[in-house]
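Presented below is the structure to which this report refers.
The values are calculated or read from the model by the stated rules, or taken from the named source; none is laboratory data. What you see is a predicted model, and the numbers here were worked out from it, not measured in a lab. Here the Cβ positions follow ideal geometry from the backbone for every residue, glycine too, while neighbour counts run over all protein chains shown. Note: accessible area is taken over every heavy atom of the protein model, side chains too, but ligands, DNA and RNA are not part of it. Shrake-Rupley method; radii C 1.70, N 1.55, O 1.52, S 1.80 Å.
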Amino acid sequence: MIEIDSRKQTEVTDITSSVERELASSNVQSGICLIYTLHTTTGITINEAEGDLMQDIVRLLDTIVPAGAGYRHDRSDGNAHAHLRAVLIGNSAVIPIERGTLVLGTWQRILFIEQDGPRHRRVYVKAISD
Amino acid sequence: MIEIDSRKQTEVTDITSSVERELASSNVQSGICLIYTLHTTTGITINEAEGDLMQDIVRLLDTIVPAGAGYRHDRSDGNAHAHLRAVLIGNSAVIPIERGTLVLGTWQRILFIEQDGPRHRRVYVKAISD
Amino acid sequence: MIEIDSRKQTEVTDITSSVERELASSNVQSGICLIYTLHTTTGITINEAEGDLMQDIVRLLDTIVPAGAGYRHDRSDGNAHAHLRAVLIGNSAVIPIERGTLVLGTWQRILFIEQDGPRHRRVYVKAISD
C-alpha cells in the first residue's frame, strides 16, 4: 500500500518510485502490476511527469468538468466535480512486469491525480505472476 | 457472467453485489478481478453509488458528447454518441482480491453505465490468482 | 510486442488481429490479456472498428481537447493536446482469455489511437494464466 498526503485541492503526483518499491517486495519476476486508488475523487493515469503537463491535466479537468456546475450530488456534498473527473480518468493502471521491473516506455510515469484534497490517500499495488 | 436488463436509454447501475457473487464462485483468495462489459455502447467505472451522482454521470456524458452532433457513424446507425461515451469511460475495471473478497475503498462501488438501452447486456467477470 | 507505423498525425487503427497472433504464441488457455501502449501520446480502447466511428473518435478528441489551446507544455513541446487526449482514453485494455482466444463481444475490436503521428509505435501484449 502506498500512502499519499496530498497538499492541494487538485494536484498531480508522480508515484512511480513508490510503486517500484512495492513491486520489489513482491518478488514477481514476470506478470502484471495493478495500481489502484481506493478513493472515488482521485484517479490514476500513465503519462509524462513533466511539470507543465501535470498542470495542463489539472486545467483540462477544470475545463471539461467545472466545479459547481449545477450537479445534483453537490446538494449533499460539494465535490461532484471531483467524482466526475475520477470517472473520466479511471481509478487504476495495469503495467507489464519483466525481470522484476515495470515495463515503462521512455516517457511513461505513473501519475496520481488528486481532485478533492488535501487528504490522506491510499493506493493499492498488486503484482500478479504469469 | 452477469446479465443486466437495462430499463432506460441511459442509466447507471450498481453491479457490485453481482460481481461479488461471481467472485465467490471462483474460489480465488488473492489476486485480481476483471469486470468487462461485452458491448461497445456501455461502460464500467468504479465510483460512489449515490443516486444524485449517478444522474450527474449521465448528464455529464450528455454535455461532453451530445447525441446527434453531426457524427459520421450516425449516417448508418443512430448511436455514435453512445459509442463515443463508452470510449471515454472505458469498458472494464480491475480490482484487487484479498481473502476471497474485492478490495474496495469506503465509497467504491462497481457501476455499469448504459448509453444505448434499454437492452439485454452481459458483463464478464474473470478472477486471476496471484 | 506489436509494431505500428502510424501514417497520420491522428488516426485510429484496429490491432485486434495482431493481438490475437501475440496471444496465440503465449499458449495461455484461460486468463487475461493486457494490451499496453508504451507511448504517452497514444491510447488503447475497445470499441467497434467501423470507419465512420473511427473518424468520429478523432473528431471528438479534437473537440474536447483542441490542439494549441494555451497549454503550458506547448512552450517546450507542441504536443500537449496529444498527451491530454491519451490521459482521457487510457493507455491499455485488459481482455479475458478463454480456450486460448480473446473474449470479445460481437462488435468489440481493439483500437490503437495515434494522436502525435506519424511515428513508429510499440504495443506490449502480456497474457496471464488464471
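When the residues of region B:15-26 are filtered to those that are outside any loop (DSSP other than H, G, I, E, B) and β-branched (Val, Ile, Thr), which remaining residue is farthest from A:His39 (Cα to Cα)?
Selected residue: B:Val19.
Tell me, which residue of region C:49-62 that is surrounded by fewer than 20 Cβ atoms within 10 Å (Cβ to Cβ) and at the interface with another protein chain (Cβ under 9 Å from one of its Cβ atoms) is nearest to B:Ser92 (Cα to Cα)?
Out of the qualifying residues, it is C:Glu50.
Could you grab me the full set of residues in region B:7-24 that are over 19 Å from B:Glu50 (Cβ atoms) and buried (at least 20 other Cβ atoms within 10 Å of the Cβ)?
Hit for region B:7-24 is B:Leu23, nothing else.
For region A:31-67, give me the residue count where each residue is hydroxyl-bearing (Ser, Thr, Tyr) and farther than 21 Å from A:Tyr124 by Cβ.
Matching residues across region A:31-67 total 1.
To keep it simple, each residue is scored yes or no on (1) farther than 28 Å from C:Ile35 by Cβ; (2) among the hydrophobic types (A, V, I, L, M, F, W, C).
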{"residue": "B:Ala69", "(1), (2)": "yes, yes"}
{"residue": "B:Arg75", "(1), (2)": "yes, no"}
{"residue": "B:Ala93", "(1), (2)": "no, yes"}
{"residue": "B:Ile113", "(1), (2)": "no, yes"}
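In region B:89-130, what residues are more than 23 Å from B:Ser25 (Cα to Cα) and of a type in the set (Gly, Ala, Ser)?
Scanning region B:89-130 gives B:Gly90, B:Gly117.
When the residues of region A:80-130 are filtered to those that are among the basic types (Lys, Arg) and either open to solvent by 10 Å² or more (accessible area, probe 1.4 Å) or assigned to a strand (DSSP E or B) (or both), which remaining residue is nearest to the other protein chains (Cβ to nearest Cβ)?
Out of the qualifying residues, it is A:Lys126.
Read through the list (1) farther than 22 Å from C:Thr42 by Cβ; (2) part of a strand (DSSP E or B); (3) touching a Gly at 6+ places or on another chain (Cβ under 8 Å), then give the number of the only condition that A:Glu3 fails.
(3)
Return yes or no: is A:Thr45 within 23 Å of B:Ile95 (Cβ to Cβ), within 13 Å of the chain's Cα centre (by Cα) and not in a strand (DSSP E or B)?
It is false that A:Thr45 is within 23 Å of B:Ile95 (Cβ to Cβ), within 13 Å of the chain's Cα centre (by Cα) and not in a strand (DSSP E or B).
If a residue must be at pLDDT 95 or above and either surrounded by fewer than 17 Cβ atoms within 10 Å (Cβ to Cβ) or assigned to a helix (DSSP H, G or I) (or both), how many such residues does region A:27-42 contain?
Adding up the residues that qualify gives 2.
For C:Asn47, indicate whether it is modelled with pLDDT under 95 and polar (S, T, N, Q). Show your work before the answer.
On the way: modelled with pLDDT under 95: no; polar (S, T, N, Q): yes.
Answer is no for this residue.
Restricting to region A:63-74, name every residue that is buried (at least 22 other Cβ atoms within 10 Å of the Cβ) and not in a loop (DSSP other than H, G, I, E, B).
A:His73
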